[in-house]
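Values in this text are rule-based calculations from the coordinates and carry no lab data. Model, not experiment: these values are computed from the prediction. Neighbour counts are summed over all protein chains in view; Cβ atoms, including those assigned to glycine, are modelled from backbone coordinates with ideal geometry.
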Amino acid sequence: MSDLKRRSFLQSSGATLAAGALIGTSKAWAGANDTIRVGCIGLHGRGQTHIKEHQEKENVEVVALCDVDNNVLTERASQFEEKYDKKPKTFNDMREVFDQQDIDAVSVATPNHWHALATIWACQAGKDVYVEKPGCHNIYEGRKMIEAAYKYRRIVQHGVQLRSSAALQEAVKLLREGVIGDVYLARGLCFRTRASIGHKPSEWAPDYLNYNLWLGPAQWRPYSQNIVHYNWHWHWDFGNGDVGNQGVHETDMCMWGLGVDNTLPDQVTAMGGKFLWDDDKETPELLSTLYKFTSLNKMIQFETRPWRTNEEAGVGVGNIFYGKDGYMVVKGYGTFETYLGPKNEPGPKGSEGGDHFANFHKAVRSRNMSDQNGPVETIHYSSAIAHMGNIAFRVKDRLEFDPQLERFVNNDEANTFLSRDYRGEFVVPEIV
C-alpha cells in the first residue's frame, strides 16, 4: 500500500497512525532478548513447519497447540514434548488460545476458509499473527484483515516467504533499475503433479474430529474423507484450487516484481477445466488467467497445470518477467536468473534464501510494520489476484473490475463471489 493510500485508509477507518509508525502492544517488550510466546493453530500439514520455525528460534517459545482433530493434536503434542522436553498447552477451539493472557502471537495454518476469522479474532484479543497463504478465502475478507490489523495495532504477517529471500529482494531492485528494460508482463507458473482424488462417500464425521469447528465459517455439508484433511484445497467452500494454494506465492511475486502490489487489475479473464480425472475435485485442474492493469500498461498471466508437463525457461513452479531488453526467471524460494538481448545472453543472477518467520519475530518486537517483508496488505492484494481468476473462471466471462470500489463492473453474478454466506457464530464481521 502506498503512503498516500495507507493514509487515506487510516483516515477513513478512524485510526490515527501514520504509515510505518510504531504499533502499540499489550505487552511491555523488553527488547531483543524478550521471549515471544506463540500458539500454533492448525497442525496437520504446514502447521508442523510452523511449530519448528517458531520453537527453534532464539527467544521464541511455542506454548500452545490447537487442532480440531484430537488425533492430530495428541500426536503433535507428544512429538513436541519428546523433541523439546516441554509440555505445551493443548486446545481444540482456537478461541481458547486467544483467551490465554500469556500468549503473545498465534501462527495460523488452518484450511483457507478459517484464515480471515482466525486472524481477526486474534487481533481483537491482542495477539500478533503469522497466517499462511492465501491470507483470505475471498476478497472481502482480505480488506477486513487489513482493517483489523490497523484497528487493534497488531503485526499480521502473510506467509509469502519469497519476500524474505535476499536474492529475490535484489531481483526486484534490479527490475526497478531496468535490468531487463521496461517490464510489461509477469507470468506465474504452477505446474504440480496433482493426481486424481477419486470419489469418497459422505459419512458421519469420526469422533476424534470436531467437525462443526472444522467447518467454521463455511456452510454445513456432510463430512467426507475427500474433504478432511488435505483435499479441501479442491473444494470451493474451503479452498481456492492451486492458483489459491501454491499459486499465491507466484501471484504475490508477480505483483511485487511488476510494482503493482498496491492495486488490483481492472480486467481479468480465465479459462480452464477438468480434463483428466473423474473425481471429487470442484476446482479446475487446468487454469489459465490473464490480468490487465490498463492505466499502468502491465499484465499478469497465471497458469496451473495438473500432471505431466514440460518446464518453461527451467521453471515448473516460479515466475518469468518480460521486459523490453530481456527476461528474468525466478525459481524456488530464492533463485533468479536474467537473460538479456536478442541472444538471451546471461545477465545478473543470485541465489540466497531468507527467514520469513524471523522477520515476523523482528516486527513483533519492534512494533513497526515497515520491518515486515509480508505485511497485512499482501494478504489482500496477492490473494485477491487468485480469487479474481477463480471468479472469472466460475462465471465464464471476461470481467471488468473497479480497483477503487473493489467490485466487478456490471456483473452481479461475479460480485456474489466477493464474499460468502457465513454460518452461525463464525461470521467475518463488517465492522471488525
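Quick notes on this one:
- In sequence order, segment 154-160 has phi-based couplings of 10, 7, 10, 9, 8, x, 9 Hz under the Karplus curve 6.51 cos²θ - 1.76 cosθ + 1.60, θ = phi - 60°, and Gly or Pro positions carry x.
- Amide H to amide H distances under 5 Å link Asn368 with Ile23, where only residues 5 or more positions off or on other chains count and H is placed in the peptide plane.
- Cα gyration tensor shape for the chain, rounded if a/c is under 1.5, else prolate or oblate: rounded
- Viscosity 1.002 mPa s, 20 °C: Kirkwood-radius Stokes-Einstein D of segment 31-155 over Cα pairs, µm²/s: 148 µm²/s
- Segment 166-223 and segment 322-381: distance between their alpha carbon centers, rounded to Å: 19 Å
- Interatomic Cα distance distribution for segment 295-384, bins of 10 angstrom, percent: 13, 31, 36, 18, 3
- Between Val409 and Glu430, full extension at 0.36 nm per residue minus the direct alpha carbon distance yields a gain of 5.4 nm.
- FRET E, pair Asn210, Arg308, Förster distance 45 Å, beta-carbon r, rounded to 0.05: 0.70
- Taking every alpha-carbon pair under 8 Å whose residues sit at least 6 apart, segment 138-263 reaches a relative contact order of 29 percent.
- Using the rule -39500 (n - 2.57) for each DSSP H run of four or more residues, divided by the residues of the chain, the 222 nm mean residue ellipticity is -9000 deg cm²/dmol.
- Computed E for Lys52/Leu185 - FRET, C-beta separation, R0 51 angstrom, nearest 0.05: 0.85
- Estimated vicinal HN-Hα couplings, Hz - segment 117-124 in sequence order (Karplus 6.51, -1.76, 1.60; Gly, Pro = x): 5, 4, 5, 5, 4, 5, 4, 4
- Using C-alpha pairs below 8 Å separated by at least 6 residues, the relative contact order for segment 253-367 is 14 percent.
- Three-way shape label, segment 317-432, alpha-carbon gyration tensor, a/c 1.5: oblate
- Relative contact order for the chain: 21 percent, from Cα pairs under 8 Å spaced at least 6 residues apart, divided by residue count.
- Relative packing of 308-315, 37-44, 268-275, which averages over residues the other C-beta atoms within 10 Å, highest first: 37-44, 268-275, 308-315
- Note on segment 268-347: Kirkwood hydrodynamic radius from all Cα pairs is 14.9 Å, rounded to one decimal.
- Segment 274-321: C-alpha gyration tensor shape, a/c 1.5 cut-off, then a/b vs b/c: oblate
- Cross-link pairs Lys52/Lys173; Lys274/Lys298; Lys57/Lys89; Lys324/Lys349; Lys83/Lys133; Lys83/Lys200 - those with Cα-Cα distance over 25 Å: Lys52/Lys173; Lys274/Lys298; Lys83/Lys133; Lys83/Lys200
- Highest-first arrangement of 129-140, 85-96, 343-354, where packing means the average Cβ count within 10 Å: 129-140, 85-96, 343-354
- Backbone amide hydrogens, once placed in the peptide plane, bring Asp355 within less than 5 Å of nothing, excluding anything fewer than 5 places away on its chain.
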